[in-house]
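Notes follow the structure.
Any read-out appearing in this document is the output of simple, stated calculations on the displayed coordinates, not a laboratory observation. What you see is a predicted model; the values in this text were computed from it and never measured.
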Amino acid sequence: MGTEGVPPVRDDRGRGRFEIEVDGAVAFLEYTRGPSELVLVHTEVPEAITGRGLGGRLARHAFELAKEEGLRVELVCPFQIAWLDRHPEYRPLLHRAPDGTGDDPFWL
């Protein structure tokens with residue numbers, strides 16, 4: 001998933017986060033993982049490396065991983081919610097409310 005000049009996303013399962021290190025700074029997306037879901041909790045990109053699309057790369061990596069592994073995605077992180085709004089092709093991966101409704105994917 002590398003982009004020219006930017007290191008690939010790594011999965012630090014011990015810390016529960018996807019990371020990209022650039023120029024000594026680390027952008028990350030914290031997650032929790034269950035047997036059938038991936039919960040995207042918090043995205044952080046240090047100011048020194050903002051404006052490089054790293055938050056979006058982390059988001060795409062998480063959604064692609066969920067797709068590959070058959071996981072449903074739950075969103076807690078406001079950045080991830082906003083990113084998904086711009087990338088509706090990933091909406092089918094969203095976890096639905098326990099009552100089965102899916103009209104509002106951000107039921108959390």
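Starting from the Cα-Cα distance between residue 12 and residue 67, subtract it from 0.36 nm times their residue separation and give me the gain in nm to one decimal. Provide the component values of the computation, followed by the final result.
Details: separation 55, 0.36 × 55 = 19.80 nm, distance 1.87 nm.
Gain in length upon complete extension: 17.9 nm.
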Mean separation of Cα contacts under 8 Å, 6 or more apart, over the residue count of the range 1-100: relative contact order %: 21 percent
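So what's Rg/Rh here for the range 10-93, counting alpha carbon atoms and using the Kirkwood radius for Rh? Don't skip to the end; give the middle numbers.
Details: Rg = 12.2 Å, Rh = 12.8 Å.
Across the range 10-93, the Cα-based Rg/Rh ratio is 0.95.
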Can you run phi through the Karplus equation (6.51, -1.76, 1.60; θ = phi - 60°) for the range 19-30 and list ³J(HN,Hα) in whole Hz, with x for Gly and Pro? 9, 9, 9, 9, 6, x, 9, 10, 8, 8, 10, 6
In sequence order, what are the phi-derived ³J(HN,Hα) couplings for the range 47-63 according to the Karplus relation 6.51 cos²θ - 1.76 cosθ + 1.60 with θ = phi - 60°, rounded to whole Hz, with x for glycine and proline? 3, 4, 10, 6, x, 10, x, 5, x, x, 5, 5, 4, 4, 4, 4, 5
Once amide H atoms are built 1.01 Å from N in the peptide plane, which residues 5 or more positions from residue 73, or in another chain, come under 5 Å H to H? 38, 94, 95
